[in-house]
Amino acid sequence: MTSISQGAARRLSYAARALSEQDPAIFVVAMGSYLGLPITEEKLKGLTVEDIHRILSGDDGELPEDYSRDSIKHALQYLWGEQDAQTQLPDIETMPLAMQGLPSLKVAVASNTAEQLDGHFGSCLRFLIYRVNTEGLYLADIRDTRGTQTADDRNTARAELIGDCQLLYVQSIGGPAAAKVVRAGVHPIKFPKPSAAREMLSTLQSSLANPSPWLAKILGKENALVQRFADEADE
């Protein structure tokens, strides 16, 4: 008899990545010790918030500050199977006519669910790639991160996966990982509270006509996009 069913393994993998940027295998081993083998979908469905606290707590019984209430809630939704119906990916869109022929920013959004900005850099299931300019925004690509899990350096592999973007929107990212993202030419921005990706990008879009100093620096002083926005602001 196998120690874990295929469905349970999928749920555990998603839950582990919703909880932390650390190696998901650590969570799986802890779960096996807590539930006993074999791990089944029925056992996972019976877990509670208190169970997750016990599994994640250290020797002192305190929950490490790396784990938030929201991340535990999302993990339980995966463990219970409630997220299975929500894993359908959003549709990649074509460029709106109003945006054609104009320069645009490329923004990577760390995501686990639909079009939500709700992923940790080192554990998110995918990066949603958006194009944004003053005339609009659209979902240009979706990049699955499963291939980075077996890389010698997972954070470097993920940074390379989004290396053609200017900005990274992420729920959390550690210092060493952020340094690798910056070296790849991408500027990371943290949004600790899960949010709708398009809402956050709409805020960015509204700032492009008169970019702040930090955004102008990211884009580059001679960047044609910045120059266009500056010209429009002067008119």
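Computed values, structure above
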{"read-out": "Packing-based order for 139-151, 117-129, 194-206, using average beta carbon neighbours within 10 Å, highest first", "value": "117-129, 194-206, 139-151"}
{"read-out": "Radius ratio Rg over Rh of region 97-234, counting only Cα atoms, Kirkwood formula for Rh", "value": "0.97"}
{"read-out": "Distant-in-sequence amide H partners of I39 (H built 1.01 Å from N, under 5 Å)", "value": "I4, S5"}
{"read-out": "Restraint check, K106/K180; K43/K193; K73/K106; K45/K190; K43/K180; K45/K106, Cα-Cα greater than 28 Å", "value": "K43/K193; K73/K106; K45/K190; K43/K180; K45/K106"}
{"read-out": "H187 long-range amide H proximity, modeled H, under 5 Å", "value": "L167, L168"}
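Just so you know, all these numbers are worked out from the coordinates, no wet-lab data involved. Everything numeric in this text was worked out from a predicted model, so none of it was measured. Virtual Cβ from ideal backbone geometry, glycine too; neighbours counted across all protein chains shown.
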